[in-house]
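The values are calculated or read from the model by the stated rules, or taken from the named source; none is laboratory data. Just so it is clear, the model here is predicted, and its values are computed rather than measured. Counting neighbours? That spans all protein chains shown, and the Cβs are built from the backbone with ideal geometry, glycine included. When the accessible area is computed, the model is the full protein with side chains, heavy atoms only, and any ligands, DNA or RNA have been set aside. Shrake-Rupley method; radii C 1.70, N 1.55, O 1.52, S 1.80 Å.
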Amino acid sequence: MVDLESEVPPLPPRYRFRDLLLGDQGWQNDDRVQVEFYMNENTFKERLKLFFIKNQRSSLRIRLFNFSLKLLSCFLYIIRVLLENPSQGNEWSHIFWVNRSLPLWGLQVSVALISLFETILLGYLSYKGNIWEQILRIPFILEVINAVPFIISIFWPSLRNLFVPVFLNCWLAKHALENMINDLHRAIQRTQSAMFNQVLILISTLLCLIFTCICGIQHLERIGKKLNLFDSLYFCIVTFSTVGFGDVTPETWSSKLFVVAMICVALVVLPIQFEQLAYLWMERQKSGGNYSRHRAQTEKHVVLCVSSLKIDLLMDFLNEFYAHPRLQDYYVVILCPTEMDVQVRRVLQIPMWSQRVIYLQGSALKDQDLLRAKMDDAEACFILSSRCEVDRTSSDHQTILRAWAVKDFAPNCPLYVQILKPENKFHIKFADHVVCEEEFKYAMLALNCICPATSTLITLLVHTSRGQCVCFCCREGQQSPEQWQKMYGRCSGNEVYHIVLEESTFFAEYEGKSFTYASFHAHKKFGVCLIGIRREDNKNILLNPGPRYIMSATDICFYINITKEENSAFKNHDHQKKSNVSRSFYHGPSRLPVHSIIASMGTVAIDLQDTSCRSASGPTLSLPSEGNKEVRRPSIAPVLEVADTSSLQTCDLLSDQSEDETTPDEEMSSNVEYAKGYPPYSPYIGSSPTFCHLLHEKVPFCCLRLDKSCQHNYYEDAKAYGFKNKLIIVAAETAGNGLYNFIVPLRAYYRPKKELNPVILLLDNPPDMHFLDAICWFPMVYYMVGSIDNLDDLLRCGVTFAANMVVVDKESTMSAEEDYMADAKTIVNVQTLFRLFSSLSIITELTHPANMRFMQFRAKDCYSLALSKLEKKERERGSNLAFMFRLPFAAGRVFSISMLDTLLYQSFVKDYMISITRLLLGLDTTPGSGFLCSMKITEDDLWIRTYARLYQKLCSSTGDVPIGIYRTESQKLTTSESQISISVEEWEDTKDAKEQGHHRSNHRNSTSSDQSDHPLLRRKSMQWARRLSRKGPKHSGKTAEKITQQRLNLYRRSERQELAELVKNRMKHLGLSTVGYDEMNDHQSTLSYILINPSPDTRLELNDVVYLIRPDPLAYLPNGEPSRKNSICNTTGQDSREETQL
């Protein structure tokens, strides 16, 4: 046996240790073979095939050369016809023989040789085993007919004048042109346009038919009329156009037969081509075609990517996008995977939109469709989610993929993305602007419970309304006879604008002065409300940084005004002319400014007023004494240019005036129970940390269930807990992560501990453990499984003593066969709540803003009908906010998240709007930035009298900046449905009317709800009972008395009392106390609305709620003792003895 070890060869030198250190020098001596790899067979045929067919660029050159040869042959045929002298006689030999010069014959023979050789070579290279398939191809047959006779004439000179139908090469030229276009698209790697190819084929087919007919008629008529080429062209055009003048006609039977054949071919070929062209045209209309590269490079456009395009979404986007003057020249390219809706198609046919909007059917996940939309040249890309989907998470996933695809295809294109679920937000952090629907929705609904109508305030700020129109009559509500609608419509035009301080006429003079000084005096002089600032070297926006902030020249100022400063003209008024008028009102040198809007070339002229500081102790800001009394009312201190910390009254973290009157026991228990800090657990990634009221230890999950007792407590309903403050109830389908943003604003650190409202989550489905982990650290937060459809669930969760009831739109009802029916269940449930608990403040979220008209619906209420007519008029006049005059929306009782879509659209022009809105809603907390809160005007505050004096009082005392007023007025309702009666007999109707008038006159001043007695149903049943009593037999004794008593009780009972009795019976059945159920208190006789940045001379009224942006209490700590509680600063404050956990 052979020793294996002896057979193993030694290692080559390169594996030795010395070679590993010093390098390999012996490998050159090894025997090596270089191997080349080919993608195709290395044969002569494969190389020819690669050059002639497979390689796009070389194949394109060859086909272009072939196309040129065919055109040259047709051109040589025309030259031969023009040079030929028409021979005399009508012999058939003129058909078969022609006069061809020797040079012309030589050129035609050369072209024929090259063409035939190329045809045979390409046939050989494309041979696949069937020789007859190559021979019987029409291009090959035509090539043989046109080339072989010329080649034969080389060897047989007598055949040089033989007629050859060279004009048939036009069809070979058409075939070469089609192949050339295909190779051209392959060479430049662009998607082939089927529409372009079909048009090219149709045109070339038509030209080939006409050219063949011209040449054939001319040649066959050599034995007839001897027509020239022009006469043949004239004849063909007249014949194919079906005009048929008859002045030129064929004479020989052969030419007539040829014309018949050509007409038959045209009738067969051309309709097929036209049908294919029409089909492709219709398909292109559906898909939208392409947005040309030339337009993309010379014009500006944005791309809107949506899953399905509805008419409401489209009009909201177009109205808001084109509301800005500098966007009028932009084009909107819509990229949608679905076919265009009928309503959308009808709107896009309007000239105003058809010249601006381009609809492309395609997917954002395909690079071809993104290329069609020229995404890489777009100014911005808006990606919107489909909120009507049942599975909103799936809709978010589609949005995320679209955002990734656009970012991959066009990295430099700014992205504006709308997302539904907050947990999906971190996937698109790379986007330039992101709006998370559930984050904004729940934060806005929570602030509605603290600051009434915050949703309406934010909606008006982010919409572009006609309130800023220079023409007074064009603004919303100015044609209405109601004064509140005029004020409300005029103030709705206020928006947020920005300007650099050193470039501003409004704020340039306040450089080096405090923020509150600049805000007050800018409002006093120009009527603008300065709300925020941003340093040049800092990206963070600070809302009301407080009196300690000193303005610098490079600061960017954010202010609320009717229009931006660039569109304003400033007009100085003579000081002496104004002094007499103003002195009679304010006893001062000049009157507080009133917005004077002057229509002048699209600008707004603003009066410049005197800005000199007035003495706080002088008679200018104090009220005159009443009668002979010498007691003076409090005066207002001036706003200092630089803050004096000793005199500034701050409501900071360490001074909670709301806790001053607590007993020691309550104080001790509160200190043990609450602390301040950041929530230790967030339910999703990307939530901004907020300083909140927290518990020292988290609550067990069993204790979070309101209606179930556990080993820690035995309470089973909200009443048993004995809450001191009224409840806030949220009715939702599921406990999504967005619901976390509802709790955080209600437990923010600047909320007084004594004013915290218990939060009850009424959920259709039980929450998961992750959500319970997040809310178990917040005080007085509970949940209960139930529905607003069930009266027992509502009573258990404490609806009878709730301050606010928030009804969130359910995801399962957002999708319906009829779009606007998605809100049907929510509207009916809220209407039931409204009828059962009329004193309850209900805040409702709807899917469609158009359904707001059904909230608190009264079919025969004259005032509601008048508002409906006003809404229709405003919509006809082009208002983007026609629903703003509906009472539920104006009062902040109803809200639709689709109204915030304009926030994303506005951010294209105002990139700061999303940041400012998040700061106002408390979604983001920037150190040094203020927060939104409110204060209520009491009788002790009416001495301030005007909004301007209130502005001064707040700026000089607490540093707050007011931005608007929420006003509630009494409404004189006309006869409603519950007061209308239908009588059966005229005499009874007259008698009942007199009795009712006497009854109402005696009780007119008792309560407002007494007017709603005797509803229609009870009146009709009583009349029916009377008629029966007259027709039926007479009852006697106790039976008659009993029926009479029941009849009277039935007559006197009202619908309101029936509902109250129903609720009380259910409460008794559940073992709940009926104390506190206020069945007669009704808010139907009041209306509420918002005045954003009202004019300085607006008079304050009792119970006005003023929106404030309060400085951050954590930005600084006061040096002195906590200030005393006064009527102006009575909304916030903190406990100085509370423990702070950072």
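Note down, for the range 672-740, the three equivalent ellipsoid semi-axes (square root of 5 times each alpha carbon gyration tensor eigenvalue), biggest first, whole angstrom.
On the way: eigenvalues 112, 58, 34 Å².
Whole-Å semi-axes of the equivalent ellipsoid: 24, 17, 13.
So between M282 and C264, what do we pick up on full extension, going 0.36 nm a residue minus the alpha carbon distance?
Working: separation 18, 0.36 × 18 = 6.48 nm, distance 2.76 nm.
Result: 3.7 nm gained on full extension.
What FRET efficiency comes out for the pair N540/N567, r = Cβ-Cβ distance, R0 = 25 Å, nearest 0.05?
Details: r = 28 Å, r/R0 = 1.11.
Result of the calculation: an efficiency of 0.35.
T252 accessible area, nearest 10 Å², 1.4 Å probe?
20 Å²
Evaluated at 20 °C with a viscosity of 1.002 mPa s, what Stokes-Einstein diffusion coefficient in µm²/s does the range 286-359 have when Rh comes from the Kirkwood expression over alpha-carbon pairs?
Values: Rh = 12.8 Å.
Here the translational diffusion coefficient equals 167 µm²/s.
With the full set of protein chains in place, find how many percent of the accessible area of the range 336-393 is carbon and sulfur; take the probe as 1.4 Å. Write down the numbers at each step before the final one.
Values: 1340 of 2720 Å².
Ligands and nucleic acids excluded, carbon and sulfur reach 49 percent.
Anything over 22 Å Cα to Cα? Flag those among K910/K936; K754/K936; K70/K128; K441/K754; K310/K486; K374/K407, in the order listed.
Working: K910/K936 32 Å; K754/K936 17 Å; K70/K128 26 Å; K441/K754 26 Å; K310/K486 32 Å; K374/K407 13 Å.
Checking Cα-Cα distances, K910/K936; K70/K128; K441/K754; K310/K486 exceed 22 Å.
Can you tell me what percent of all Cα-Cα pairs in the range 41-82 are more than 11 Å apart?
Values: 577 of 861 pairs.
I get 67 percent for the Cα pairs in the range 41-82 exceeding 11 Å.
For the pair K407/W97, report the inter-label distance in nm, with labels modelled 7 Å from Cα in the Cβ direction.
8.3 nm
Between D768 and L159, what is the spin-label point distance in nm, taking each point 7 Å from the Cα along the Cα→C-beta axis?
8.7 nm
Each residue of the range 540-549 in turn: what ³J(HN,Hα) in whole Hz from Karplus with 6.51, -1.76, 1.60 and θ = phi - 60°, glycine and Pro shown as x?
Along the range 540-549, the couplings run 7, 8, 10, 7, 6, x, x, x, 7, 7 Hz.
Could you give the alpha-carbon Rg of the range 240-330 over 2.2 N^0.38 Å, rounded to two decimals?
Numbers: Rg = 25.5 Å, N = 91, 2.2 N^0.38 = 12.2 Å.
Its radius of gyration relative to the 2.2 N^0.38 Å reference: 2.09.
What's the extension gain from S308 to I151 if we count 0.36 nm per residue and subtract their Cα-Cα distance? Mind showing how you got there, number by number?
Numbers: separation 157, 0.36 × 157 = 56.52 nm, distance 6.48 nm.
That works out to 50.0 nm of additional length.
Quick one: what do you get for the range 480-571 if you divide its Cα Rg by 2.2 N^0.38 Å?
Details: Rg = 14.3 Å, N = 92, 2.2 N^0.38 = 12.3 Å.
Against the compact-globule rule of thumb, the ratio is 1.17.
Accessible area per residue of the range 704-774 at 1.4 Å probe, in Å²? Mind showing how you got there, number by number?
Details: 2690 Å² over 71 residues.
It amounts to 38 Å² per residue over the range 704-774.
For S386, what accessible area in Å² do you get when you roll a 1.4 Å probe over the heavy atoms of the protein chains, rounding to the nearest 10?
Its accessible surface works out to 20 Å², give or take rounding.
What figure, in Å² to the nearest 10, do you get for the accessible area of E389 with a 1.4 Å probe and non-protein molecules left out?
Result for E389: roughly 80 Å² accessible.
At what distance in angstrom do the alpha carbon centres of the range 110-148 and the range 298-366 lie from each other?
52 Å
With r as the distance between the Cβ atoms of S363 and E502 and R0 = 45 Å, compute the FRET efficiency 1/(1 + (r/R0)^6) and round to 0.05.
On the way: r = 48 Å, r/R0 = 1.07.
Computed FRET efficiency for E502 and S363: 0.40.
Using 1/(1 + (r/R0)^6) with R0 = 22 angstrom and r between the beta carbons of E969 and K936, what's the FRET efficiency to the nearest 0.05?
Numbers: r = 15 Å, r/R0 = 0.69.
After rounding, the FRET efficiency stands at 0.90.
Gain in length, A866 to R345, computed as 0.36 nm per residue apart minus the alpha-carbon separation, to one decimal in nm? Walk me through the numbers on the way to the answer.
On the way: separation 521, 0.36 × 521 = 187.56 nm, distance 3.31 nm.
Taking A866 through R345 to full extension adds about 184.2 nm, to one decimal.
Compute the Rg to Rh ratio over the range 385-452 from the alpha carbon atoms, using the Kirkwood formula for Rh, and round to two decimal places. Let's see the in-between values first.
Details: Rg = 13.7 Å, Rh = 12.9 Å.
Result for the range 385-452 is an Rg/Rh of 1.06.
Between S839 and D789, what is the spin-label point distance in nm, taking each point 7 Å from the Cα along the Cα→C-beta axis?
Computed distance between label sites S839 and D789 equals 3.0 nm.
If you consider only alpha-carbon coordinates, what radius of gyration and Dmax does the range 396-552 have, in Å?
Values for the range 396-552 (Cα only, Rg and Dmax): 20.0, 56 Å.
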